[in-house]
Amino acid sequence: MARRGERVRAGAGIVSKVPSLSYIKIIRALQRDGWTVVRQRGSHIRLHKRLRDEVLKLTVPAHHPVKRSTLSHILKQARLNVEEFLELL
């Protein structure tokens, strides 16, 4: 059984846990995945990623560190799993 914030793959046990990171590291990793910073308003940074038939949009708070639960929601919006994100760091 996975603990809060952890993912489990069938037969593999605990795979990975969403890390607590600075917004700068999160944005750099997302940029490696094709995301572009389009604007910043206050402590929120807006990113876009163009796909073939849609534009994905997400907002990253400029916090040190970004809460793990917030990062988990950002990864869902970015359509990335934890393992893919960790490879981009």
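The values are calculated or read from the model by the stated rules, or taken from the named source; none is laboratory data. Nothing here was measured: the structure is a model prediction, and the numbers come from that model. When we count neighbours, we look across all protein chains shown, and the Cβ atoms used for this are built from the backbone with ideal geometry, even at glycine.
The table below gives the values:
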| read-out | value |
| --- | --- |
| Qualifying residue in segment 57-68 (condition: under 9 Å from the mean Cα position of the chain (by Cα) and either free of Cβ contacts under 8 Å to residues at least 60 places away in the same chain or part of a loop (DSSP other than H, G, I, E, B) (or both)) | yes |
| Any chance Lys17 is on the phi < 0 side of the Ramachandran plot, surrounded by 14 or more Cβ atoms within 10 Å (Cβ to Cβ) and modelled with pLDDT under 95 | yes |
| Selection within segment 28-70 - within 17 Å of Leu86 (Cβ to Cβ) and either among the aromatic types (Phe, Trp, Tyr) or touching a Leu at 6+ places or on another chain (Cβ under 7 Å) (or both) | Ala29, Leu30, Arg32, Asp33, Trp35, Val60, Pro65, Val66 |
| Test: residue in segment 34-45 that is touching a Ser or Thr at 6+ places or on another chain (Cβ under 9 Å) and touching a residue at least 12 places away in the same chain (Cβ under 8 Å) | yes |
| Filter result for the condition that a residue is surrounded by 13 or more Cβ atoms within 10 Å (Cβ to Cβ), part of a helix (DSSP H, G or I) and modelled with pLDDT of 95 or more, over Lys76, Lys49, Lys25 | Lys25 |
